[in-house]
Amino acid sequence: MHFDPFLIAALVTTGIAAVLLLWFLIRRPALTKSTKVILMFGIGILPLMTAANGNVAGFHATTQRSFCGSCHVMTPYSDDSDNRESTSLAARHARNQMFGDQNCYTCHADYGMFGVIVTKMGGLRHVYEYTMNYRNMPVKQFLEEIEIRKPFPNSTCMHCHSTENPLWGTISDHTSTIDRLRAGTLSCASEGCHGPAHPFSKEAKRLKAAGH
Amino acid sequence: MRLLQLSAVVTLLALALMVWSMLQPTPLPVMLAMTVGQGLGTLALGAFLFVVVRDLRRTYVKRRDAQEPKDPS
């Protein structure tokens, strides 16, 4: 659990609401105007504040790497990002404070106009698929068989690496492929360029293909 | 009164689900809090508002009846 002011606010409003409701249930006061006002806070205003703050706290929590790693099939990915010695693309980004504990979300989020909603809809699909199909799948089999649903878009990389920086243009591989990179026909995270982002998953697929 | 007590219990249940999701933010608790938890909370608030409106209406009808002039016949 991480510190979040919305979380603290939600817990405080929950505590006050619970005290008011328990008082009402245990003491059973007469239903006067003041009792109704107290209930208005206990049933209405405070739980609404809890829900609002809880939603924001919940949203923050779902952007944490620990949240992604809470499904067992994702543990190799979160462990790799936690590994200070790993040189994978994902781990190196996790060590950048702009990504930090939110590196899964920062790289896999959609940055379109309705990005947050689209990303959360995609997340719901993942939860559905995990619950219905993959919750008992061994991690080894998952790494061998499961692919990212859509190819990783270069636009996500270009969110930070704009391709406009003069230093970026001094690298011949960049200048020779810039049209393909911007068109998305060549992935920044492809093998031989900067990827794969999670090399161990590709290694598992390769070993399976070789019959190991 | 019975409906209000039920509403209070349902609210406590909804709050418990929301707190669970905040203390253990994994997919299942978070989804339960945002669907079942908030649904129960809304239901409880609806029941409370129903009781309040019903009481106000009863009071209004009582007052109106008391103010109406009695039939001289």
| message | Could you tell me which residue out of A:GLY100, A:LEU48, A:THR119 lies farthest along the dipole of chain A toward its positive end? Charges go on the beta carbon: Lys and Arg +1, Asp and Glu -1, centred on the Cα centre. | response | A:LEU48
| said: Once you keep just the Cα pairs under 8 angstrom separated by 6 or more residues, what percentage relative contact order results for chain A? | reply: 17 percent
| remark: chain A, Kirkwood Rh and Cα Rg, ratio Rg/Rh at 1.14
| Zone of A:THR131's modelled label, taken as backbone nitrogen in region A:38-72 under 19 Å from a point 7 Å along Cα→Cβ | A:55, A:58-59, A:61-63, A:67-72
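Which whole-number percent of Cα pairs in region A:5-62 have a distance greater than 14 Å? Show your work: numbers first, answer last.
On the way: 915 of 1653 pairs.
Roughly 55 percent, once rounded to a whole number.
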| query | Angle, helix B:2-23 long axis vs. longest principal axis of chain B, Cα atoms, 0 to 90°, nearest 10? | reply | 20 degrees
| remark: If unit charges are put on Cβ atoms (+1 for Lys and Arg, -1 for Asp and Glu) and the dipole of region A:135-187 is taken about its Cα centre, the option from A:ILE146, A:THR185, A:SER172 lying farthest towards the positive end turns out to be A:ILE146
| Sequence-distant or interchain residues sharing an amide H contact under 5 Å with A:GLY195, placed H: which? | A:SER190
| message | Taking 0.36 nm per residue of sequence separation and subtracting the Cα-Cα distance, how much length would be gained by fully extending the chain between A:ARG92 and A:PHE41, in nm to one decimal? | response | 13.5 nm
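Trypsin sites (Lys or Arg not before Pro) within chain B: which are DSSP loop residues with at most 10 other Cβ atoms inside 10 Å? All intermediate terms of the calculation are to be shown ahead of the outcome.
Working: sites: B:ARG2, B:ARG54, B:ARG57, B:ARG58, B:LYS62, B:ARG63, B:ARG64, B:LYS70; in loops: B:LYS70.
Taking chain B and a limit of 10 other Cβ atoms within 10 Å, the loop trypsin sites (Lys or Arg not before Pro) found are B:LYS70.
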| query | Given R₀ = 22 Å, FRET efficiency for A:ALA52-A:SER155 by Cβ-Cβ distance, to 0.05? | reply | 0.10
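Based on the Cβ-Cβ distance of A:TYR111 and B:GLN5, what FRET efficiency does E = 1/(1 + (r/R0)^6) give at R0 = 45 Å, to the nearest 0.05? If you can, show how the numbers build up before the last one.
Details: r = 49 Å, r/R0 = 1.08.
The formula returns an efficiency of 0.40 here.
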| query | Gain in length, A:ALA209 to A:ILE16, computed as 0.36 nm per residue apart minus the alpha-carbon separation, to one decimal in nm? | reply | 63.6 nm
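As a footprinting exposure proxy, order B:TYR60, A:TYR77, A:TYR111 by other Cβ within 10 Å, with the fewest listed first. Provide the component values of the computation, followed by the final result.
Numbers: B:TYR60 10, A:TYR77 23, A:TYR111 14.
In increasing order of surrounding Cβ atoms, one gets B:TYR60, A:TYR111, A:TYR77.
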| said: Taking the square root of 5 times each eigenvalue of the Cα gyration tensor, what semi-axes in Å does the equivalent ellipsoid of region A:96-212 have, largest first? | reply: 28, 21, 12
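Run the numbers on region A:5-62 and let me know its relative contact order in percent, using alpha-carbon pairs under 8 Å that are six or more apart. Please report the intermediate quantities before stating the final value.
Numbers: 40 pairs, mean separation 32.9, N = 58.
Averaging sequence separation for qualifying contacts and normalising by length gives 57 percent for region A:5-62.
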| note | chain A: longest segment with zero exposed trypsin sites (Lys or Arg not before Pro), where exposed means DSSP loop plus at most 14 other C-beta atoms within 10 Å, is residues A:1-83
| request: Determine by what factor the alpha-carbon radius of gyration of chain B differs from 2.2 N^0.38 Å, reporting the quotient. | output: 1.79
| field | Net charge, A:ARG182 excluded, C-beta distance under 15 Å - Lys, Arg +1, Asp, Glu -1 | value | -2
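Using just the helices of the protein assembly as shown, give the 222 nm mean residue ellipticity in deg cm²/dmol: DSSP H runs with n ≥ 4 each add -39,500 (n - 2.57), and the total is spread over all residues, rounded to 500.
-19500 deg cm²/dmol
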| Calculated FRET efficiency for the pair A:THR32/A:ILE148, C-beta based, R₀ 51 Å, to 0.05 | 0.25
| If you build a Gaussian network model of chain A, linking Cα atoms that sit under 10 Å apart, which residue out of A:SER66, A:SER190, A:SER88 swings the most? | A:SER190
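Roughly how many debye, to the nearest 20, is the charge dipole of the protein assembly as shown about its Cα centre, given +1 on each Lys and Arg Cβ, -1 on each Asp and Glu Cβ, and no other charges?
Details: 28 positive and 20 negative charges, 303 e Å.
The dipole magnitude comes to about 1460 debye.
Each reported figure results from applying straightforward, stated rules to the coordinates on display, with no laboratory input. If you're wondering where the values come from, they're calculated on a predicted model, not measured in any experiment. Methodologically, a virtual Cβ is constructed for each residue, glycine included, from the backbone with ideal geometry; neighbour enumeration extends over all protein chains shown.
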